[in-house]
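Just below is one structure, and these are the notes that go with it.
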Amino acid sequence: MSFRASVLTLHPEMFPGPLGVSLAGKALERGDFALETVQIRDFGVGRHRMVDDTPSGGGAGMVMRADVLAAAVDSASPAGDPRPRLLMSPRGKPLTQARVRELAAGVGAVIVCGRFEGVDERVIEARGLVEVSIGDYILSGGEVAAMVLLDAVVRLLPGVMGNARSGETESFETGLLEHPHYTRPAEWEGRTIPDVLTSGDHGAVERWRQAEAQRITHARRPDLLSD
Ligand code: SAH
């Protein structure tokens with residue numbers, strides 16, 4: 001079974017967006033994954049299809065209603081749907097390559113995109129939404145975050161990446177940041193390519209890349225080495 005994503009959003013016109021282009025776009029065309037959007041407003045309340053209301057206890061902004069979101073989730077993901085239900089949220093566990101791999105190995109994901117101040121806590125609990133963050137900053141909505149997550153997942157799906165091996169040394173896959181890359185011309189603005197890379201000695205190239213990956217990770221992301 002291929003990977004099926006259902007994205008619940010107030011702005012379905014944002015999709016497929018970047019997921020319709022290049023590697024992901026070709027994969028979408030081939031049917032390597034399916035992408036469905038669900039307009040949350042279709043489940044809105046009353047003549048005006050209201051999806052949000054003022055925060056209980058006061059304060060700025062609006063909150064997405066639990067009943068509306070639950071109806072949208074139930075429609076996209078009826079009981080028994082094996083896919084994880086995710087809510088893009090700055091309060092979630094930060095997304096990692098390990099989590100991306102785990103998702104790519106599964107059958108898909110149901111992804112809720114928040115807007116405004118966020119969503120009523122009760123729907124998170126009642127529908128078992130797992131909050132996922134893409135980093136410590138605030139976006140205006142969950143859509144771009146959902147695209148980030150899906151882009152990372154889709155490139156790992158079978159058949160999507162031209163050279164399957166190129167994923168293996170990628171930053172984070174080995175617990176390290178990746179080594180530097182070079183290509184022709186051999187000299188550019190007076191800068192040359194490290195001799196070892198043109199030596200033809202594959203063992204030496206491998207050792208150099210490993211040492212560079214260690215050096216760069218140590219300098220830039222010592223947190224990755226600490227556990
Ligand atoms: N008031 C909230 C932020 C709301 S931002 C708070 O302080 O936590 C509006 C929506 O954008 C969120 O509901 C979420 O779906 C999305 N969003 C914002 N930042 C995000 C991030 N870093 N990762 C994932 N989703 C994010």
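The values are calculated or read from the model by the stated rules, or taken from the named source; none is laboratory data. What you are looking at is a predicted structure, and each value in this text was computed from that prediction instead of being measured. Every residue, glycine among them, receives a Cβ derived from its backbone with ideal geometry; neighbour counts consider all protein chains shown. Accessible surface areas use protein heavy atoms only, side chains included; no ligands, DNA or RNA. Shrake-Rupley method; radii C 1.70, N 1.55, O 1.52, S 1.80 Å.
Considering region 160-171 alone, what residues qualify as being modelled with pLDDT under 90 and surrounded by 11 or more Cβ atoms within 10 Å (Cβ to Cβ)? Working first, answer last.
From region 160-171, those modelled with pLDDT under 90 are 161-171; that's our starting set.
Matches in region 160-171: Met161, Ala164, Gly167, Thr169, Glu170, Ser171.
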Notebook entry, point to check: Looking at Phe172, Phe116, which one is aromatic (Phe, Trp, Tyr) and closer than 25 Å to Ala66 by Cβ?
Noted result: Phe116
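Conditions (1) free of Cβ contacts under 8 Å to residues at least 60 places away in the same chain; (2) over 19 Å from Ala146 (Cα atoms), marked per residue:
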site: Ser6; (1), (2): no, no
site: Glu13; (1), (2): yes, no
site: Pro18; (1), (2): no, no
site: Thr37; (1), (2): yes, no
site: Val45; (1), (2): yes, yes
site: His48; (1), (2): yes, yes
site: Asp52; (1), (2): no, yes
site: Asp67; (1), (2): yes, yes
site: Gly80; (1), (2): yes, yes
Note to self: Could you go through region 134-142 and let me know if any residue there is within 18 Å of Val38 (Cβ to Cβ) and not hydroxyl-bearing (Ser, Thr, Tyr).
What the structure shows: yes
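Could you please let me know if Asp223 is loosely packed, with under 13 Cβ neighbours inside 10 Å, touching a strand residue (DSSP E or B) at 6+ places or on another chain (Cβ under 9 Å) and free of Cβ contacts under 8 Å to residues at least 60 places away in the same chain? Before you say what the answer is, go through the steps one by one.
Working: loosely packed, with under 13 Cβ neighbours inside 10 Å: yes; touching a strand residue (DSSP E or B) at 6+ places or on another chain (Cβ under 9 Å): no; free of Cβ contacts under 8 Å to residues at least 60 places away in the same chain: yes.
Spelling it out, it is not the case that Asp223 is loosely packed, with under 13 Cβ neighbours inside 10 Å, touching a strand residue (DSSP E or B) at 6+ places or on another chain (Cβ under 9 Å) and free of Cβ contacts under 8 Å to residues at least 60 places away in the same chain.
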Margin query: What's the total number of residues in region 1-32 that are within 19 Å of Gly141 (Cβ to Cβ) and under 16 Å from the mean Cα position of the chain (by Cα)?
Written below: 12
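Among the listed residues Val148, Val110, which satisfies the condition of being farther than 21 Å from Thr217 by Cβ and either at pLDDT below 95 or away from the ligand (no atom under 12 Å from the Cβ) (or both)?
After applying the criteria, what remains is Val110.
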Next item on the list: Looking only at region 96-111, count how many residues are open to solvent by 70 Å² or more (accessible area, probe 1.4 Å) and touching a helix residue (DSSP H, G or I) at 6+ places or on another chain (Cβ under 9 Å).
Entry: 1
